[in-house]
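This report refers to the structure that appears directly beneath it.
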Amino acid sequence: MLDDFTHQDRLERNSPSGLRGILQSKESEPDRGGGSCKAFGYHLAPEHLAGVELRFLNGDSLWFPYSWLGTCRHIPSEGVLLKFNGDLVYLVLIRGSNLDRGIEGKSIDLVHAGLQRHHVLWIKEMTPAEIREVGETGPTIDSIQVAEFESHAALKEWLKAKAPAFVQGPL
């Protein structure tokens, strides 16, 4: 009976048909024109994807529809700043290295061929061990910060505190 299990029990099942199997299978979809690296997953179908999933180290996920994506700015020394305009304004600050470097042997990178063309399925904060494993050979995601705003003044204050390099440019 379903009442005998918590959501965590169902998540931890090792069955490929259980939730854990479904979540793990999302990380590679080579048979449909997609794939992944440790930092992000992508799909290269000619049509655009509906949204992007942010995966955090604590196991939480957050999705944003690509229809909300406005400004996307990359400053290599700071990271990538995404602005989503929906019921509120959301800023997503992605910090890492080699964010515009392509995946070896593929025609995809996180910034230009990925997010700007709506081909990124998910972006994942990486553990220190994963970051060390990738090293300088590919993109790494150190952190993903998300903030929501009701006013432009609050947005500017957050940027000044978290990523001042992005304040000087257009938003």
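Which ones in the range 137-151 are more than 18 Å from HIS74 (Cβ to Cβ), in a loop (DSSP other than H, G, I, E, B) and either touching a Phe, Trp or Tyr at 6+ places or on another chain (Cβ under 8 Å) or not small (Gly, Ala, Ser) (or both)? Before you say what the answer is, go through the steps one by one.
If we filter the range 137-151 for residues that are more than 18 Å from HIS74 (Cβ to Cβ), which is where we start, we get 137, 147-151.
Cutting the leftovers down to in a loop (DSSP other than H, G, I, E, B) gives us 137, 150-151.
Hits for the range 137-151 are THR137, GLU150.
Residues in the range 91-105 that are over 15 Å from ASP142 (Cβ atoms) and either touching a residue at least 60 places away in the same chain (Cβ under 8 Å) or within 11 Å of the chain's Cα centre (by Cα) (or both): how many?
The number of residues fulfilling the criteria is 2.
Going through the range 40-72 one residue at a time, which ones are within 15 Å of GLN145 (Cα to Cα) and either over 14 Å from the mean Cα position of the chain (by Cα) or assigned to a loop (DSSP other than H, G, I, E, B) (or both)?
Going through the range 40-72, the residues within 15 Å of GLN145 (Cα to Cα) turn out to be 52-64, 72.
PHE56, LEU57, ASN58, GLY59, ASP60, listed by residue number.
Just checking, how many residues over the range 86-109 are in a strand (DSSP E or B) and farther than 20 Å from SER67 by Cβ? Spell out the reasoning first.
Narrowing the range 86-109 to residues in a strand (DSSP E or B): 89-97.
Still in the list and also farther than 20 Å from SER67 by Cβ: 93, 95-97.
Selection size over the range 86-109: 4.
Based on this model, can you work out whether THR140 counts as of a type in the set (Val, Ile, Thr), closer than 17 Å to TYR42 by Cβ, modelled with pLDDT of 90 or more and under 18 Å from the mean Cα position of the chain (by Cα)? Spell out the reasoning first.
Details: of a type in the set (Val, Ile, Thr): yes; closer than 17 Å to TYR42 by Cβ: yes; modelled with pLDDT of 90 or more: yes; under 18 Å from the mean Cα position of the chain (by Cα): yes.
Spelling it out, THR140 is indeed of a type in the set (Val, Ile, Thr), closer than 17 Å to TYR42 by Cβ, modelled with pLDDT of 90 or more and under 18 Å from the mean Cα position of the chain (by Cα).
From the residues in the range 71-81 that are in contact with a Phe, Trp or Tyr (Cβ under 8 Å, 6 or more places away or on another chain) and among the aliphatic types (A, V, I, L, M), which one is surrounded by the most Cβ atoms within 10 Å (Cβ to Cβ)? I'd like the intermediate steps shown before the answer.
Just the residues of the range 71-81 that are in contact with a Phe, Trp or Tyr (Cβ under 8 Å, 6 or more places away or on another chain), to begin with: 73, 75, 78, 81.
Now drop any that are not among the aliphatic types (A, V, I, L, M), which leaves 75, 81.
Values: ILE75: 14, LEU81: 23.
So, considering only residues that are in contact with a Phe, Trp or Tyr (Cβ under 8 Å, 6 or more places away or on another chain) and among the aliphatic types (A, V, I, L, M), the one surrounded by the most Cβ atoms within 10 Å (Cβ to Cβ) is LEU81.
Just a yes or no: is a residue in the range 152-164 aromatic (Phe, Trp, Tyr) and assigned to a strand (DSSP E or B)? Show your work before the answer.
Going through the range 152-164, the residues aromatic (Phe, Trp, Tyr) turn out to be 158.
Adding the requirement that they be assigned to a strand (DSSP E or B) leaves none.
Within the range 152-164 (the criterion being aromatic (Phe, Trp, Tyr) and assigned to a strand (DSSP E or B)), the answer is no, since none of the residues qualifies.
Assuming HIS43 fulfils every condition listed in (1) surrounded by fewer than 14 Cβ atoms within 10 Å (Cβ to Cβ); (2) at pLDDT below 95; (3) not aromatic (Phe, Trp, Tyr) apart from one, which condition is it?
Condition not satisfied by HIS43: (1).
Take the residues in the range 110-159 that are in contact with a Gly (Cβ under 7 Å, 6 or more places away or on another chain) and under 17 Å from PHE64 (Cα atoms), then tell me which one is surrounded by the fewest Cβ atoms within 10 Å (Cβ to Cβ). Spell out how you get there, then give the answer.
Our first condition is that a residue be in contact with a Gly (Cβ under 7 Å, 6 or more places away or on another chain); within the range 110-159, this holds for 120-122, 139-142.
Filter once more, keeping what is under 17 Å from PHE64 (Cα atoms): 120-122.
Values: VAL120: 25, LEU121: 20, TRP122: 18.
Here the residue is TRP122.
List every residue pair whose Cβ atoms sit under 6 Å apart, with the two residues 6 or more apart in sequence or on different chains, where the first one lies in the range 147-171 and is on the phi < 0 side of the Ramachandran plot and at pLDDT 90 or above and the second, anywhere, is in a strand (DSSP E or B) and surrounded by 13 or more Cβ atoms within 10 Å (Cβ to Cβ).
Pairs that qualify, where the first residue is on the phi < 0 side of the Ramachandran plot and at pLDDT 90 or above and the partner is in a strand (DSSP E or B) and surrounded by 13 or more Cβ atoms within 10 Å (Cβ to Cβ), are ALA147/LEU91; GLU148/TYR90; PHE149/VAL89; LEU155/PHE149; TRP158/ALA147; ALA163/LEU93; ALA165/ILE75; PHE166/LEU81.
The values are calculated or read from the model by the stated rules, or taken from the named source; none is laboratory data. Quantities reported herein were computed from a predicted structural model and do not represent experimental measurements. Here the Cβ is made from the backbone with ideal geometry for all residues, glycine too, and neighbour counts use every protein chain on show.
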